[in-house]
Amino acid sequence: MPMKDYQDALTRLQKALAAGYRDAPQVINQPGQSLMCKVDPDNYLALEPVFTEILARWAVSFPQGVLETLVHTGNLVFCKPLGTHVIPLTVSWGGNDYEVQAAFLPAGFVDRALKLYAGVQDPLPVSELRIRADQRPAVEAFFTAMTPPSSLAYL
């Protein structure tokens with residue numbers, strides 16, 4: 001069986017993400033309003049399942065197809081030992097803590113999409129969203145063989 005080529009699907013997802021951002025910039029990097037926020041220069045934290053569902057709608061796809069494409073192209077952290085892309089976390093912004101179901105995407109995927117298809121010249125800055133410091137061991141375990149978010153991501 002030949003290997004599936006995910007490049008077309010990945011491009012479609014990046015174009016859809018950029019179009020969503022062009023239409024409503026608050027969908028990225030504004031805690032409390034966004035599907036995802038940059039937590040350090042290399043990682044975005046996305047809220048699940050809403051991130052996958054909305055990106056699928058924008059890309060005229062199915063959520064499972066979005067997840068398959070992102071995982072197989074290395075654009076979504078997938079914890080093999082746990083068999084999932086989602087981790088429950090406590091995050092903070094504006095002096096309040098919130099329980100979320102989080103997924104992590106490499107910043108390069110999002111920043112490249114915004115640059116190529118939304119005309120955003122510079123990568124977005126790190127948002128005000130922070131992961132509670134007591135969650136760091138769980139996040140580091142979740143990232144297994146990948147580089148976890150830097151200390152900048154934690155409060």
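Of note:
- Unmet criterion (only one of (1) of a type outside the set (Ser, Thr, Tyr); (2) outside any strand (DSSP E or B); (3) under 22 Å from Thr147 (Cα atoms); (4) out of contact with any helix residue (DSSP H, G or I) (no Cβ under 8 Å at 6 or more places or on another chain)) for Cys37: (2)
- Screening segment 119-155 for residues that are of a type in the set (Ser, Thr, Tyr) and surrounded by 13 or more Cβ atoms within 10 Å (Cβ to Cβ) and picking the one that is nearest to Thr90 (Cα to Cα) gives Tyr154.
- Here Asn75 fulfils each of the conditions (1) within 24 Å of Gln14 (Cα to Cα); (2) out of contact with any Pro (no Cβ under 7 Å at 6 or more places or on another chain) apart from (2).
- Residue in segment 80-93 that is nearest to Gln33 (Cα to Cα), counting only those that are modelled with pLDDT of 95 or more and assigned to a loop (DSSP other than H, G, I, E, B): Val86
- For first residues located in segment 136-153 and more than 15 Å from Lys38 (Cβ to Cβ), partners that are open to solvent by 80 Å² or more (accessible area, probe 1.4 Å) and assigned to a loop (DSSP other than H, G, I, E, B) and lie 6+ apart or on another chain with Cβ distances below 7 Å form the pairs Thr144/Lys80; Thr144/Pro81.
- Positions within segment 108-118 being open to solvent by less than 50 Å² (accessible area, probe 1.4 Å) and either closer than 15 Å to Thr73 by Cβ or touching a Gly at 6+ places or on another chain (Cβ under 8 Å) (or both), in sequence order: Gly108, Phe109, Val110, Ala113
- Candidate set: segment 7-40, residues that are of a type in the set (Asp, Glu) and open to solvent by 20 Å² or more (accessible area, probe 1.4 Å); chosen: the one nearest to Pro125 (Cα to Cα): Asp23
The values are calculated or read from the model by the stated rules, or taken from the named source; none is laboratory data. These figures come from a predicted structure and were not determined experimentally. Don't worry about glycine lacking a Cβ; one is built from the backbone with ideal geometry, like all the others, and counts go over all protein chains shown. Calculation scope for accessible area: heavy atoms of the full protein, side chains included, ligands and nucleic acids excluded. Shrake-Rupley method; radii C 1.70, N 1.55, O 1.52, S 1.80 Å.
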